[in-house]
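Chemist: Just dropping this structure here.
The values are calculated or read from the model by the stated rules, or taken from the named source; none is laboratory data. As the structure is a computational prediction, the values presented were derived from the model and not from experiment. We place every Cβ from the backbone using ideal geometry, glycine too, and count neighbours over all the protein chains shown. Quick note on the areas: whole protein, heavy atoms, side chains included, nothing else; ligands and nucleic acids left out. Shrake-Rupley method; radii C 1.70, N 1.55, O 1.52, S 1.80 Å.
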Amino acid sequence: MKRILVVEDETNIALGLEDDLTLEGYSVVLARDGDEAIRVAREQPFDLIVLDLMLPRKDGFTVCRELRHRGLNIPIIMLTARTQEAEKVLGLEMGADDYVTKPFSPIELRARIKAVLRRAGEATDVVPKVYRFGDTEVDFGRCELRRGDRTLDVTSIELKLLEAFIRNRGRVLTRDQLLDAGWGTGTNVTDRAVDNHVVALRRKIEPDPAEPRYLYSVRGIGYRFDG
Ligand code: CA
């Protein structure tokens, strides 16, 4: 089931969207202001965000820019009451994937959501052959992990997990998603294996494994890579 975060401060619109999208078979979470939106988007995995432009605390532009800045590449559809071309362009420049002008029909929004999700599904997020963060280099071509001038041993499962983390930089990955990434779907390996491999990875990539800077635990859900 695709998960959608709806960020909207007007209760009627928020609840209407929740009803409508739930009926369409999506799992919907609501956030009422910009700060809540950023917090929830970082704590839980989503496939798409419907983001109102005019919000308390932080407006949609700021939310969008901050999420992109943190590396979250979840598709975003902005809801805007403004029709000026400049506003739309600004939204797209801030990293929105599409926009819908208020007042909108539920049919139009549903069509846009489907289109954006389809596009996101087709896009191949190419992970570069060599990925660098901090003093670490992950070389997928040579299957090597380097820190400074040292080359560290890395297992094929660790490399697969790293690839999934890098591909989804800034997004929470559930243990199930990590099991699929590391061991393939339908594996008999348990969640515990994911935790063990994350501990091993932290020893290799974190300056202080006890205080992770790159590979964060997200309580009850999984892990997030911010490198
Ligand atoms: Ca609003």
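Chemist: When 1/r is averaged over all different Cα pairs and the result inverted, which Kirkwood radius in Å belongs to the chain?
Modeler: In the chain this quantity evaluates to 18.9 Å.
Chemist: Something else now. In deg cm²/dmol, rounded to 500, what helix-only [θ] at 222 nm does the chain give when every DSSP H run of at least 4 residues adds -39500 (n - 2.57) and the total is split over its residues?
Modeler: Working: 8 runs with 95 residues, N = 227.
After summing the helix terms and dividing by the residues of the chain, the value is -13000 deg cm²/dmol.
Chemist: What per residue convex hull volume, in Å³, do the alpha-carbon atoms of the stretch 3-123 yield? Mind showing how you got there, number by number?
Modeler: Working: hull volume 11.5 nm³, N = 121.
In the stretch 3-123, the Cα convex hull volume per residue is 95 Å³.
Chemist: GNM, the chain, Cα, under 10 Å: largest mean-square fluctuation among L15, L161, L67?
Modeler: Among L15, L161, L67, the largest mean-square fluctuation in the Gaussian network model of the chain belongs to L15.
Chemist: Also, quick follow-up: Can you give me the solvent accessible area of S105 with a 1.4 Å probe, rounded to the nearest 10 Å²?
Modeler: Counting only protein heavy atoms, S105 exposes about 50 Å² to solvent.
Chemist: Ignoring ligands, DNA and RNA, what percent of the 1.4 Å accessible area of the chain is carbon and sulfur?
Modeler: 48
Chemist: To the nearest 20 debye, what charge dipole does the stretch 3-123 have about its Cα centre, counting +1 at the Cβ of each Lys and Arg and -1 at the Cβ of each Asp and Glu?
Modeler: 340
Chemist: What accessible area per residue comes out for the chain, rounded to a whole number of Å², with a 1.4 Å probe?
Modeler: Ligands and nucleic acids excluded, the result is 51 Å² per residue.
Chemist: Another question, if that's okay. Express in Å², to the nearest 10, the accessible area of D47 obtained by rolling a 1.4 Å probe over the protein heavy atoms while all chains stay in place.
Modeler: Answer for D47: close to 50 Å² accessible.
Chemist: Right, here's the next one. Would you rank R65, R167, R175, R57 by solvent-accessible area, highest first, keeping every protein chain in place and using a 1.4 Å probe? Working shown, then result.
Modeler: Numbers: R65 115, R167 85, R175 55, R57 180 Å².
Largest accessible area first, the residues go R57, R65, R167, R175.
Chemist: Using R₀ = 25 Å, calculate the FRET efficiency as 1/(1 + (r/R₀)^6) where r is the Cβ-Cβ separation of T11 and E108; round to 0.05. List each step's numbers first, then the result.
Modeler: Numbers: r = 21 Å, r/R0 = 0.85.
With R0 = 25 Å, the Cβ-Cβ based efficiency is 0.75.
Chemist: Calculate the dipole size of the chain relative to its Cα centre from +1 charges on Lys and Arg beta carbons and -1 charges on Asp and Glu beta carbons; express the result in debye to the nearest 20.
Modeler: Once rounded to the nearest 20, the dipole reads 560 debye.
Chemist: Restricting the calculation to Cα positions, tell me the Rg (one decimal) and the Dmax (whole number) of the stretch 10-52 in Å.
Modeler: 10.4, 27
Chemist: Under a GNM of the chain (C-alpha, springs under 10 Å), which listed residue has the highest mean-square fluctuation: E66, E36, E108?
Modeler: Among E66, E36, E108, the largest GNM mean-square fluctuation belongs to E108.
Chemist: Using alpha-carbon pairs under 8 Å, 6+ residues apart, how would you state the relative contact order of the chain in percent?
Modeler: Relative contact order for the chain comes out at 14 percent.
Chemist: Turning to a different aspect of this structure: Along its three principal axes, how long is the stretch 133-213 when you only count alpha carbons? Whole Å, largest extent first please.
Modeler: Between the extreme Cα coordinates on each principal axis of the stretch 133-213 lie 38, 29, 21 Å.
Chemist: Would you tell me the accessible area of D226, worked out with a 1.4 angstrom probe on the heavy atoms of the protein chains, in Å² to the nearest 10?
Modeler: D226 has an accessible surface of roughly 50 Å² with all protein chains in place.
Chemist: A follow-up question, please. With a 1.4 Å probe and all protein chains kept in place, how do M94, M54 rank by accessible area, largest first?
Modeler: Of M94, M54, the descending order of accessible area is M54, M94.
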